[in-house]
Amino acid sequence: HEMIKQVEEHIVEKLNNTTHAGFKRTYTQALCLYRIWFDTGIRPWTAPSLRWCDFEEQGDMIIIRRREKGKRYHAQGGAITREALRDLRKMYLAEGTNVRMNNTLPLIHHHKNYRKPYKQINKFHATITKMLKECGWFDMTDVEGRKYRNHSIRKWHINASIDAEECPFDIAKRVGHTYATLELFYLNKKGKQKVKADLWQTTKIGGNEKVI
């Protein structure tokens, strides 16, 4: 949890400490994308690209329609995702682009005057990777010896959701996994249940409770 927060604070610091308009724009986009990653648990390598029309407000949730690895699923975001989308809309509107009127634009797109043929997915995957490196992620491994990389953000989201006792079947569905994948790679098989029904002590026979 501390590592996830550290990266967010690092990007905020970079954003606040630069006066360069181009860098400020880049860090704003990177911060918003990072927040969406850890709030929704979507795969960092977003291919096909996230588009504005893929996001839909449904009550307290933001639904994100995704199609990855031959599977369609609906990711879910909350207040953090809503705030990130608001900040991006505000920035683009100041540049003269109304994303509500141009909702097929990529969520993270270049300035209209930017002509370098560099896909947004490459640019911002690289930008956030750089932030992770600066925070020391690439020098560390988890308890199972796995290196921390961009995908670790998704792993953190799934594990944090499991720790928060969200239904594993619901988690698998909204992150685009099968339950078998979630069970194989994420569920803690060494963990103990927090509550265990005492089935062998109390049974109900013919509608009458019987204590054995």
(request) Using only protein heavy atoms and a 1.4 Å probe, report how much of Glu183 is accessible, in Å² to the nearest 10. (result) 80 Å²
(request) May I ask which of Lys71/Lys123; Lys14/Lys173; Lys24/Lys133 have a Cα-Cα span longer than 29 Å here? (result) Lys14/Lys173
(request) Heavy atoms only, probe 1.4 angstrom, no DNA, RNA or ligands counted: give me Phe38, Phe138 ranked by accessible area, highest first. (result) Phe138, Phe38
(request) Rank-order 145-152, 103-110 by packing density, defined as the average count of other C-beta atoms within 10 Å over each peptide's residues, highest first. (result) 103-110, 145-152
(request) Using a 1.4 Å probe over the heavy atoms of the protein chains, calculate the carbon and sulfur portion of the accessible area of the stretch 1-118 as a whole percent. (result) 52 percent
(message) With a 1.4 Å probe and all protein chains kept in place, how do Met101, Met131, Met61 rank by accessible area, largest first?
(response) Met101, Met61, Met131
(message) For Arg43, what accessible surface area do you get with a 1.4 Å probe? Give it in Å², rounded to 10.
(response) 30 Å²
(request) Round to the nearest 10 and report in Å² the accessible area of Met3, as given by a 1.4 Å probe over the protein chains' heavy atoms. (result) 50 Å²
(message) Per residue, how much accessible surface does the stretch 1-101 expose to a 1.4 Å probe? Answer in Å², no decimals.
(response) 53 Å²
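The values are calculated or read from the model by the stated rules, or taken from the named source; none is laboratory data. Treat the numbers as computed from the prediction; the structure is a model and nothing was measured. No Cβ is skipped: glycine too gets one built from the backbone with ideal geometry, and neighbour counts run over all protein chains shown. Accessible surface is based on the protein model in full, side chains and every heavy atom, while ligands, DNA and RNA are left aside. Shrake-Rupley method; radii C 1.70, N 1.55, O 1.52, S 1.80 Å.
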